[in-house]
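One structure is given below, encoded as structure tokens.
The values are calculated or read from the model by the stated rules, or taken from the named source; none is laboratory data. Quick caveat, the model's predicted, so the values are computed rather than measured. All Cβ positions, even for glycine, are placed from backbone atoms using ideal geometry, and neighbour counts span all protein chains on display. Ligands, DNA and RNA are stripped out before the accessible areas are found, and what is left, the full protein with its side chains, is counted by its heavy atoms. Shrake-Rupley method; radii C 1.70, N 1.55, O 1.52, S 1.80 Å.
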Amino acid sequence: MKFLTGNNRKIISVTVCVMVLFALLMSYFFVAGELHHDCCGEDCPICATIDICINTINQLGNAVGTIILVLLVSALTYNLCKMYVLHVVPHTLVSRKVRLNP
């Protein structure tokens, strides 16, 4: 996995984000454009595609909500741990980097 250096990871991450955003936008545009189509019955391919697009929108929306929730909980946990270390743990000479000369 030598090709996954810092720059390559960033490029891959941005590419994946753009692809997901593109899929989301194309799903929105397809549903908006074909919402009032002439349905040909029970096995309408446009209705099936609209269902797939709506499922894609719902799944990506749920994923975004979950990611935001995880980030908020992580930030809150980090801040609580930081406050605990700064205010509850007593300071020592070593933690304050006091030099003890003889």
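Calculate how steeply helix 45-87 sits against the longest principal axis of the alpha-carbon atoms of the chain, using the helix alpha-carbon long axis, and give the answer as 0 to 90 degrees to the nearest 10.
It works out to around 10 degrees.
What angle, in degrees between 0 and 90 and rounded to the nearest 10, separates the Cα long axis of helix 6-33 from the longest principal axis of the Cα atoms of the chain?
Helix 6-33 sits at roughly 30 degrees to that axis.
At 7 Å along the Cα-to-beta-carbon direction for both residue 19 and residue 35, put a label point, then send me their distance in nm to one decimal.
Here the modelled spin labels are 3.0 nm apart.
P(r) of the range 44-83 in 10 Å steps, Cα pairs, percent per bin?
28, 26, 19, 15, 9, 3
Of 51, 38, which has the most accessible area with a 1.4 Å probe, and how do the rest follow in descending order?
38, 51
Select from the range 6-98 those trypsin sites (Lys or Arg not before Pro) which occupy a DSSP coil region and have at most 12 other Cβ atoms within 10 Å, ordered by residue number.
Here the sparse-neighbourhood loop sites are 96, 97.
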